[in-house]
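Structure first, then comments.
The values are calculated or read from the model by the stated rules, or taken from the named source; none is laboratory data. Fair warning: this is a prediction, and the values are worked out from it, not measured in the lab. Because the Cβ atoms are built from the backbone with ideal geometry, glycine has one as well, and the counts that use them run over all protein chains shown. Side chains are part of the model used for accessible areas, which takes the heavy atoms of the whole protein and leaves out ligands, DNA and RNA. Shrake-Rupley method; radii C 1.70, N 1.55, O 1.52, S 1.80 Å.
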Amino acid sequence: MSGSGQRISFDEFDELCNIIRTRGAAARSITAIAGPPGAGKSTLAGQLTDALNAQDTGSAAVFPMDGYHFDDRILNTRGWRKRKGAPHTFDVAGFAQMLARLHSNDEAEVAIPVFDREIEIARNSARIIPRSVRHLIVEGNYLLLEDLPWSGLSGLYDTTVYIDVPMQVLQRRLEQRWSGLCAEELRANIVKNDLPNARLVYSGSRAADFVICQ
């Protein structure tokens, strides 16, 4: 990923919050948070949403990209199950259509899918985004990929954030994430899937407006 963009630390979290709040003052603004698996995207999205809602209740909500995982039955049929989480294992077209609906904000409310990690299945219509939400925080690994079809989403973002994490830190986090697995499964998930996906995000993402360094 290009090093351009304003580099900030978590110490400057309030500054980022204020920028998002200003950009969504009059109408819905979409903030995209991207980064490799294990970077802390969901955590940051939740922190931003909580901070924005603390000042204006109901003004912010999270839209996770992971709700658009292909179901395991499709992945098994196509031989992609071991690569679940790679760019080609998502319904990008469906995600793009939903993002466009949310961007236009023409409906009283929109129901979105949410990925349930406990059962490894996306639950349809699991969260409601009402029209009153002005700060929509979208988070996912591939939101800033320069390759099609992901690059076609860029016009829907008002603010982009990339979380920059050293590879060795990322690997430790991934080992903790999959610590309940046997050694063979852990290696398969990390070495053969998560780390290749992370390298793609590192090398293939366009520059963000803001880079958060960890």
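For the stretch 1-143, which whole-number percentage of the solvent-accessible area (1.4 Å probe, protein heavy atoms only) is attributable to carbon and sulfur atoms?
Reported share for carbon and sulfur atoms: 48 percent.
Give me the extension gain from A100 to A25: residue separation times 0.36 nm, minus the current Cα-Cα distance, reported in nm with one decimal.
25.0 nm
Students often check this: by mean Cβ neighbours within 10 Å, which of 64-71, 199-206, 113-120 ranks highest, and how do the rest follow?
64-71, 199-206, 113-120
Under 1.5 on a/c is rounded, so check that first for the stretch 15-93, then, if it is not, pick prolate when a/b is larger than b/c and oblate when it is not; a ≥ b ≥ c are the square roots of the alpha carbon gyration tensor eigenvalues.
It is prolate, given that a/c is not under 1.5 and a/b is the larger ratio.
Consider a paramagnetic label point 7 Å from the Cα of F13 along Cα→Cβ; state which residues of the stretch 42-68 have an amide N under 17 Å from it.
Once the point is set 7 Å along Cα→Cβ of F13, 42-56, 60-62 turn out to lie under 17 Å by backbone N, inside the stretch 42-68.
Over the chain, give the accessible area per residue in Å² for a 1.4 Å probe, as an integer.
Spelled out: the 1.4 Å probe surface of the chain, per residue, equals 48 Å².
Let me spell out the model: positive unit charges on the Cβ of Lys and Arg, negative unit charges on the Cβ of Asp and Glu, origin at the Cα centre of the chain. What dipole size does that give, in debye rounded to 20?
500 debye
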